[in-house]
Amino acid sequence: MDENIIHLKSPKPPLASDTDLIETTVKDIISNVRARGDEAVRQYARTFDGSDLATFEVSMEERLEAIANLDPQTRKDTDFAIERVKAFAEAQLRTILPLEFDALPGLHLGHRIIPVQVVGAYVPGGRYPILSAPVMTIVPAKVAGCDQIIACLPPNAHPAMIAGCHLSGVDRIFKVGGAQAVAAMAFGTETIPAVDKIVGPGNAYVNEAKRQVFGQVGIDQLAGPSEIFVVADETGDAEMIATDLLAQAEHDVRTRVGLITTDRGLAEATLKEVERQLETLPTADVAGVAWRDYGQIAVCADEDTMIAYSDHIAAEHLEVHTRDPHSTAAKLRNYGSLFIGKLASVVYSDKCCGTNHTLPTMAAGRYTGGLWVGSYVKVCTHQWLDKRGVAAVAPPAVRQSRTEGMEGHRRAAALRIRQGESAI
């Protein structure tokens, strides 16, 4: 595939990050929070956040004050985003159906759709107050029917983030951030309840904490820096592509941004356009670094090569700017979320159109999709048999158990035959 690709701009080789230090630090944090509860959480809040809160939980008075202080238009826009995300989650949930199936006469199989009981949403602080962040993690949990939803966000998070949590329907909010928040939600403290699943992105320490507590609780995914790629042919618009790449690049200096195209002219024009726009972009101190270090432009010999290379990258956000974008989109397999046609900007999904912006990164799109309402429910099977079902399945179960040398299994299967009764 490489001989059919020309790289006009390549990202720098990935640096060997100090994962050992992060892993050790997080392990200590989790151990301390598990052993000392609120006392450890309070200690880490002082150390990492410069915060000395007497209580972690955000009171209802504080929540209502945060809402009252929202700019009226921001409140309307937040409500709009909540309604869009809610509508899409409800539509998705309608596709997840319970099942009852007669596999054979007397053999009844099925599954139920059961909401996760207690969900913990990690709401990042970050460089900007991403007002849509709590919407994306909390609203689908409400739609799924989870019994309790708690949110943890750094003590220095913007008050609008508290308002967003409240408006999204969260039950409890705690001013606790970082790995200590993940540990508290995983194991519980005197103040913070233990949850069944933790969702939401965070920094490298939050990510590592989620990795280490997985098993004790469920997690949505492990998230790396944000990504955007565009696949385009000669009909692509260099200005539009450059604008969308830089829009995502302003998230973080490690954001991965790229163009994969079959047209060298478009590639060269986009390269120039990015540099031109950086001259006036207020967030160029971030976006420019991301573009310099992780920007990529690849020119492919043909569409098949472009599709294959895009599937290899498996970008978090993938825009399709081709003559027939729907036809191109149908051929793509690996991505977090797909934006079909020039009018479908990533920013709409990031903010308010309804699809979830919590998506797989680091090529995880090869094996998983992003956060969705299905992340908050369990599909749990069941079965029941009458005499006809026992007559059908017991003899092969007996024979298989005998072959395996599992006498207890053989006896359990044979007992129903001898008694001539169902297992109910």
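List of remarks:
- Subtracting the Cα-Cα distance of Ala54 and Asp147 from 0.36 nm times their residue separation leaves 30.7 nm of extension gain.
- Relative frequency of Cα-Cα separations exceeding 22 Å in segment 1-143, percent: 69 percent
- Heavy-atom accessible surface of the chain, averaged per residue, reaches 48 Å², computed with a 1.4 Å probe.
- Spin-label proximity, Phe214 to segment 119-141 - amide N less than 15 Å from point 7 Å beyond Cα toward beta carbon: none
- Relative contact order for segment 276-424: 16 percent, from Cα pairs under 8 Å spaced at least 6 residues apart, divided by residue count.
- Distant-in-sequence amide contacts of Val257, defined by a placed amide H-H separation under 5 Å and a gap of 5 or more residues or a different chain, comprise Ile228, Gly295, Gln296.
- Whole-Hz couplings from phi, Karplus 6.51/-1.76/1.60, listed for segment 280-297; x for Gly and Pro: 10, 6, x, 9, 4, 5, 9, 4, x, 5, 4, 5, 4, 8, 10, x, 8, 9
- HN-Hα J in Hz across segment 145-154 - Karplus 6.51, -1.76, 1.60, θ = phi - 60°, x for Gly and Pro: x, 4, 5, 9, 10, 10, 10, 10, 9, x
- Inter-part distance where segment 75-119 and segment 154-216 are each reduced to a Cα centre, Å: 24 Å
- In loop segments of segment 105-148 as defined by DSSP, the trypsin sites (Lys or Arg not before Pro) with at most 12 further C-beta atoms inside 10 Å of their C-beta are Arg127.
- Here each label is just a point 7 Å from Cα along the line to Cβ, and for Glu275 and Lys387 those points are 8.6 nm apart.
- Where trypsin sites (Lys or Arg not before Pro) fall in DSSP loop in segment 271-332, at most 16 other Cβ within 10 Å: Arg323
- Using the alpha carbons alone, the radius of gyration of segment 257-297 stands to its Kirkwood radius in an Rg to Rh ratio of 0.99.
- Rg ratio (alpha-carbon, reference 2.2 N^0.38 Å) - segment 178-226: 1.05
- Amide H contacts for Gly218 (H built 1.01 Å from N in the peptide plane; partners 5 or more residues away or on another chain; cut-off under 5 Å): Lys197, Ile198.
- The label point for Met406 and the one for His108, both projected 7 Å from the Cα toward the Cβ, are 2.5 nm apart.
- The label-point distance for Lys76 and Arg366, in a model that sets each label 7 Å from Cα toward Cβ, rounds to 4.7 nm.
- Percentage relative contact order, the chain, counting C-alpha pairs under 8 Å, at least six apart: 20 percent
- Taking every alpha-carbon pair in the chain and binning the separations at 10 Å intervals from zero gives 4, 19, 25, 22, 16, 10, 4, 1, 0 percent.
- Think of it as helices only: each DSSP H run of n ≥ 4 in the chain is worth -39500 (n - 2.57), and spread over all residues that comes to -14500 deg cm²/dmol at 222 nm.
- Using alpha carbons only: equivalent-ellipsoid semi-axes of segment 120-228, gyration tensor based, whole Å: 18, 17, 14
- In this calculation the C-beta distance from Ala284 to His312 is compared with R0 = 41 Å, giving a FRET efficiency of 0.90.
- Segment 110-209 - percent of accessible surface contributed by carbon and sulfur, probe 1.4 Å: 49 percent
- The string of couplings for segment 158-166 from the Karplus curve (6.51, -1.76, 1.60, θ = phi - 60°) is 4, x, 4, 5, 5, 4, x, 4, 5 Hz, one whole number per residue in order, with x for Gly and Pro.
- FRET efficiency for Ile96 and Glu239, using Cβ-Cβ distance with R0 set to 45 Å, rounded to 0.05: 0.65
- Sparsely packed GluC sites (Glu not before Pro) within segment 150-242, loop by DSSP, other Cβ within 10 Å at most 15: Glu190, Glu234
- Zone of Asn69's modelled label, taken as backbone nitrogen in segment 147-187 under 19 Å from a point 7 Å along Cα→Cβ: 152-168, 173-177
- Size of electric dipole in the chain: Cβ of Lys, Arg +1 and of Asp, Glu -1, about Cα centre, debye, nearest 20: 1920 debye
- Relative contact order (percent, whole number), segment 76-174, Cα cutoff 8 Å, 6+ residue spacing: 29 percent
- Dmax and Rg, reported as Rg then Dmax, of segment 292-346 (C-alpha, Å): 11.1, 32
The values are calculated or read from the model by the stated rules, or taken from the named source; none is laboratory data. These figures come from a predicted structure and were not determined experimentally. No Cβ is skipped: glycine too gets one built from the backbone with ideal geometry, and neighbour counts run over all protein chains shown. Remember, those area values only see protein heavy atoms, side chains included, never the ligands or the DNA or RNA. Shrake-Rupley method; radii C 1.70, N 1.55, O 1.52, S 1.80 Å.
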